Amino acid sequence: MLNRQGRPTTPGEAAPSDHKTFTGNKALSQIEPLIFETGRLETTGVDYEAPKSFTSRLGGFERKSEIGLPGLSEPEAMRHYVRLSQKNYGIDTGLFPLGSCTMKHNPRVNEKIARMPGFSDVHPLQPVSTVQGALEVMHTLSHWLLELTGMDAVALSPKAGAHGELCGMMAIKAAIAAKGEAATRNVVLVPDSAHGTNPATAALIHFVVKPVPVREDGTVDPAVVASLAGPDTAAIMLTNPNTCGLFEKDVVAIADAIHAAGGYFYADGANFNAIVGKARPGDLGVDAMHINLHKTFSTPHGGGGPGAGPVVLSELLAPFAPVPFVRHTDDGMQLVESVDEAANHGAHAFGRMTAFHGQMGMYVRALSYMLSHGADGLRQASEDAVLNANYVRACLADLMSLPYGNRPCMHEVLFDDAWLKDTGVTTLDFAKAMIDEGYHPMTVYFPLVVHGAMLIEPTESESRASLDLFIATLRDLAMAVKRGETERFTGAPYHAPVRRMDETRAARSPVLKYTPPQPILQAAE
Amino acid sequence: MRYLPLTPDDRAGMLAKIGVDHIDALFADIPSDRLLKHLPTLPLHKGEIEVERVMGRMASRNVSASSVPFFVGAGAYKHHVPATVDHLIQRSEFLTSYTPYQPEIAQGTLQYLFEFQTQVAALTGMDVANASMYDGSTGCGEAVLMAHRITKRNKAVLSGGLHPHYADVVHTLSQMAEAECVTLAPDVSGREDILSQIDGTVSCVVVQTPDFFGNLRDLRAIADKCHANGALLIAVFTEVMSLGLITPPGEMGADIVVGEGQSIGNALNFGGPYVGLFATKSQYVRQMPGRLCGETVDADGTRGFVLTLSTREQHIRRDKATSNICTNSGLCTLAFTIHMSLLGQTGLKRVAEINHANAVMLADELDTIKGVSVLNQSFFNEFAVRLPGNASHSVEQLAARHIMAGVPVSRLLPDAGLDDVLLVANTEVNSDDDRKAFVEALKEIL
C-alpha cells in the first residue's frame, strides 16, 4: 500500500531478521567505542578561562608527563553514555528477580529530595550550627530504624552491607576485649548458607570461621549450634530470613544457645525486607544487625553502589558503637566525632569506620522512603513481597524442583537444578535464556548449599499481571527444556547486546585498562 | 500506597492460588509470640507533597555551600560539576541496575567501569586500578591490609600528614586485625622525618600528598628506602583534582595509590556517598581488594567486558578473600567517569590551574593580614594558616557573617596543640568577590 505521496504504509516482503547492517548496529542497539578511541587529547567539554598570572606554589612538583586522557565535547559525551546506558538492564526495564538483592522500585521523589541543596551541597565539616537539618535527618532515620528493629542503638556510618557487617563484628570484638576474653574467644560460627561476605568479614578481623552445616529443611539446628558453641565462641553470624528463603524458625533457641556460651548473635539483615513491621530482630535475641538501605529501603543499587549499611545494636553492644554519632541535646543536635569525646558521654566507641559521617545521600533517600510508606505501608510492603514470592512458588512448583519441598517461603523462593538433570541444560543456560525473554535472571548458584541454585525474589514492586507473565514465561522455558529444545538455552542469549562472554579468557590474561594500539613496525625490507 | 501495585482483590486471589486463607499463614515460621500484633509506633504513610514538605524543612536548616563564599575542604571539596553528569547518572538503566553479574545485559556498566579504571590508572600514574572502593579512607585501610598480605609483615607507619579520619580508620582496622600501626605526630610544615621509621619490620608507609595541611610531599626518597627494606609505599590523596597539575605518585615510586575521587563528578553530600580510587602495580593485581572489570570477547568474537579475577573476592573465596567488600560506589564511579570524560586532560589541567591560582591569591592576601600567617611552603588548592586566636571561634564568627572560612584543625586533631590553625581551601567555584569578602571579614573579626 502506498499513500498519496508514494510512501509505503505496509511492510513489503521482509528479509530474514538476521539481516546484516553496514555499521554493525541494529537500530537502537548501537556499537559504542571506548572514549579513548574517539576522544581527542586537546578536546574538552568544559569552558574555563585561563587564570590570571600568578606565582606557582607547587614547590617543584609540577606534572611534566602527559596524562594521556582524551576529552569529549558535551554532545559527544551525552551520546556516548546514553548509548552505554541502552546496553544495561535496570529495575525500570523489567522484572529483576535477583534473590537476596531486593531489586525493588526506586521512588524518584527520593532522588529529588536528595538533590535539594540543603542535603547535596553541604560539607561534612561545616560548623555544626549550619547543618542542624542534616543531623536531624540522621537522628530521625535512627529513630525509625530502632523502632522497626527493636534495638537499642544504631551506628549509621558503614558504607554498605559488608562494611556494616564489619562494624557489627568489630563491636562484638570490642565487647569481648572489654570482658578480658580477647585471647580465648575468637571463633565465629557461620552457616553454610551464609553470604560470602560473612566469613570474609569475620576472617578480616582475625576471627576463626567455623562452618555450621544446614539441616535437611534448609535451616540451622539449634542443637548443632549448641554443640559447636563453647568458651571460644565469639559469635554466630546468621542471616534471617536465610538465603534459602526461609525464616529460621528456631532463631530464639539459636540465640539462647549462643548467649549461653557467652557469645553474641550477629544477624545479616540483607533479607530484612521480608519482615519489616512483622517481627523485630530485637525480639529474637539479636545483638547486632546491619541493614542494607539499598535493599530494604529502596536506595538505588546504581550498578553496584553506593549502598549504606547502618548497624543496629543491642544494649550490650551499644556502648561500643563507632564514632561519629548524633546526640540530641537541649542546645540542638550535636555530633560526637572522636573516641575521647564519646568517652565523655560514657561510651566506649571502638573507633571509626570511615571519614566523615557515612552515606548521607542514602540516609535522605531511605528516610523519604520510610516517610512515604509509614508504619502501615512498610508492613504492607513486606507482606506483598512475601506474597509475591509464594505466588511464584505455587505457580512453578509442578515444573521446577524445590529443594526443601513445596512449603511457604519468605520474600524469595529457592529452586535447585534437580529438575534439569540429564536435560543438557544447566542453571546458567536457563538464566541466559531468561535474558532473551526480556528478564534479568534470578540469583544463580547461590546459596551454595543446594546444587545449581536459582533464587527468585520478585519484591513487592511487581503487579499480579507482571508476575503472571513472568510465571508463564518460566513455564514455557521449563516446558522447552522438557521437550529437549536445548539450543534455546545453551546458545543463549541470542538477543542481548552481546552473546555469552568468555570469562576464562578475561581472567587468564587480564586486560584491565585501555592501551593505545602500538604503531605497526615497518616490515623488514 | 503508590508504590505497591497489588490490589486487595489481587491479594485475595493470590492467597487462594497459594492455598492459604490469611497472609500470616506465610509467616508461620516466625514464633507466634514474636510476631508483631500491632503496627510499629511510627507515623502512617504520606503523599509525595507531604514527604517533600517534611524533608524540605530539614534541608532548609542547613547552609548550602553554593549560598555563601565557601572555603571548607579537609578531604571533601566543593567543585563545579557539569549538568550533563547528574542528568546521565539518573538514567534508569544506570541508576536502577545491579552489580554487572550478568555481563550480556550490563555492558553499559562494565564499559564505563573499564573506562574508569583506565582513567584512574592514568591520573595516578599506576599500571592498574580497580572498579572503586567506598571512599578514600576505607580504601586506605584496605591498602594497608593488602601491603600486609604482600610483605607478610604487619606493621604500618602512617605519616602525621595523613588525614586524621583516614588514620583513625586505619588504626581501627589494624587494631581489629591485630596488626601494628604507628602514626607520626601531626606536622603542619610537612617536614617530618619518616625515613628513620623505615626498617625491615615495616610492611608499608602511608604518606598523603597534598597532605592534610596542604603540603606537597616528595615521595621519592621514601619509596627508595621502603623498597630497600622490602616495604611498600602507599600514597594517599584526598583531592584528586590535584593530579591534573602535580607529579602523580606513580612517578615517585608508590606501590599502591589510594584516594578520594569525590572532587570529580560528585557532590559534597555531607560526607557521602563518595568514591574511593585504588591503583597499584601490575604484579600486585591479584592481591587487590574490590571488583575489577576486564576486556574479553563474546561467543561471536565481539569485544565486551566482564568482572574478572573474582577468585580474589568474598562471594567465591569466602574467608580466604582479599577483602569482604561487595557493593562499592558504582554510580559515583559513573559520575567520576563522565565528568573526567568531559574534562579530558586539557580541561582537568585548566581547572586544576584555576584552583591553584585561586588558592595562591587567597594565601597571598591572607598573609598580609596582621597576625595571620600561611604555614605552607607548597600547596595545591588548600593550605594552613595560623590565626592570632582560636580558629574554631573565628570560623563560627565568620559563619554568622555567611562566610564558610575553612576547617579548624582542632576539629580533627583536638589534642595537637593546633587550636589556632585553620585549613583553607579555594577552588574554581569562588569568585574574586567571594575571596575578597572572606579576607575583609577576617580582618574585621580579628
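Details
- Residues that are at the interface with chain A (Cβ under 9 Å from one of its Cβ atoms) and of a type in the set (Ser, Thr, Tyr) within segment B:283-321 comprise B:Thr296, B:Thr302, B:Thr308, B:Ser310, B:Thr311, listed in sequence order.
- When residues of segment B:79-99 are limited to those that are assigned to a loop (DSSP other than H, G, I, E, B), more than 7 Å from every other protein chain (Cβ to nearest Cβ) and not aliphatic (A, V, I, L, M), the one surrounded by the most Cβ atoms within 10 Å (Cβ to Cβ): B:His79
- Scanning segment B:322-333 for residues that are assigned to a helix (DSSP H, G or I) and facing chain A (nearest Cβ under 7 Å) returns B:Gly330, B:Leu331, B:Cys332.
- Qualifying residue in segment A:388-402 (condition: surrounded by fewer than 24 Cβ atoms within 10 Å (Cβ to Cβ), in contact (Cβ under 8 Å) with a residue 60 or more places away in the chain, more than 12 Å from every other protein chain (Cβ to nearest Cβ) and under 26 Å from the mean Cα position of the chain (by Cα)): no
- Scanning segment A:142-162 for residues that are in a helix (DSSP H, G or I) and out of contact with any strand residue (DSSP E or B) (no Cβ under 8 Å at 6 or more places or on another chain) turns up A:His143, A:Trp144, A:Glu147, A:Leu148, A:Ala162.
- Here B:Val421 meets the list (1) surrounded by fewer than 19 Cβ atoms within 10 Å (Cβ to Cβ); (2) modelled with pLDDT of 95 or more; (3) aliphatic (A, V, I, L, M) almost entirely, failing just condition (1).
- When restricted to residues that are surrounded by fewer than 20 Cβ atoms within 10 Å (Cβ to Cβ) and more than 14 Å from chain B (Cβ to nearest Cβ), segment A:403-415 contains 1.
- Taking first residues from segment B:390-410 that are on the phi > 0 side of the Ramachandran plot and partners that are crowded, with 16+ Cβ neighbours inside 10 Å and charged (D, E, K, R), the Cβ contacts under 9 Å between residues at least 6 apart in sequence or on separate chains come to B:Gly406/B:Glu382.
- If you go through segment B:261-282 and keep only what is within 11 Å of chain A (Cβ to nearest Cβ), assigned to a loop (DSSP other than H, G, I, E, B) and under 15 Å from B:Met133 (Cβ atoms), you end up with B:Gln262, B:Asn266, B:Gly272, B:Pro273, B:Tyr274, B:Val275.
- Residues of segment A:495-509 satisfying the condition of being crowded, with 19+ Cβ neighbours inside 10 Å and assigned to a loop (DSSP other than H, G, I, E, B): A:Ala496, A:Pro497, A:Val498, A:Arg499, A:Arg500
- Pairs with Cβ under 8 Å, 6+ apart, first in segment A:39-50 and over 16 Å from B:Gly265 (Cα atoms), second modelled with pLDDT under 95 and surrounded by fewer than 20 Cβ atoms within 10 Å (Cβ to Cβ): A:Leu41/A:Glu66
- Lone unmet requirement of (1) crowded, with 22+ Cβ neighbours inside 10 Å; (2) more than 24 Å from the chain's Cα centre (by Cα) for A:Gly332: (1)
- Every listed requirement among (1) farther than 18 Å from B:Pro82 by Cβ; (2) surrounded by fewer than 24 Cβ atoms within 10 Å (Cβ to Cβ) is met by B:Arg350 save one, (1).
- Taken together, A:Ala381, A:Ala389, A:Ala397 contain a single residue that is of a type in the set (Gly, Ala, Ser) and over 26 Å from A:Glu216 (Cα atoms), which is A:Ala381.
- Residue within segment A:132-139 that is free of Cβ contacts under 8 Å to residues at least 60 places away in the same chain, assigned by TED's automatic domain parsing to the domain that holds A:Gly358 and more than 19 Å from A:Ala308 (Cα to Cα) present: yes
- So A:Arg352, is it at pLDDT 95 or above, of a type outside the set (Val, Ile, Thr) and in contact with a Cys (Cβ under 8 Å, 6 or more places away or on another chain): no
- The single condition among (1) closer than 24 Å to A:Ser372 by Cβ; (2) of a type in the set (A, V, I, L, M); (3) surrounded by 17 or more Cβ atoms within 10 Å (Cβ to Cβ) that B:Leu39 does not meet is (3).
- Any chance B:Gln397 is closer than 11 Å to B:Leu446 by Cα, within 11 Å of chain A (Cβ to nearest Cβ) and outside any strand (DSSP E or B): yes
- Residue match in segment A:285-306 (condition: surrounded by fewer than 24 Cβ atoms within 10 Å (Cβ to Cβ) and not assigned by TED's automatic domain parsing to the domain that holds A:Pro447): yes
- Only one of the numbered conditions (1) out of contact with any helix residue (DSSP H, G or I) (no Cβ under 7 Å at 6 or more places or on another chain); (2) surrounded by 23 or more Cβ atoms within 10 Å (Cβ to Cβ) is not met by A:Asp340, and that is (2).
- Positions within segment B:220-247 being surrounded by fewer than 24 Cβ atoms within 10 Å (Cβ to Cβ), in a loop (DSSP other than H, G, I, E, B) and within 14 Å of another protein chain (Cβ to nearest Cβ), in sequence order: B:Leu245, B:Thr247
- Only residues that are crowded, with 21+ Cβ neighbours inside 10 Å and either touching a residue at least 60 places away in the same chain (Cβ under 8 Å) or within 20 Å of A:Asn242 (Cα to Cα) (or both) were counted in segment A:85-94, giving 4.
The values are calculated or read from the model by the stated rules, or taken from the named source; none is laboratory data. Everything numeric here is computed off the predicted structure, so don't read it as measured data. Note that each Cβ is placed from the backbone with ideal geometry, even for glycine, and that neighbours are counted across all protein chains shown.
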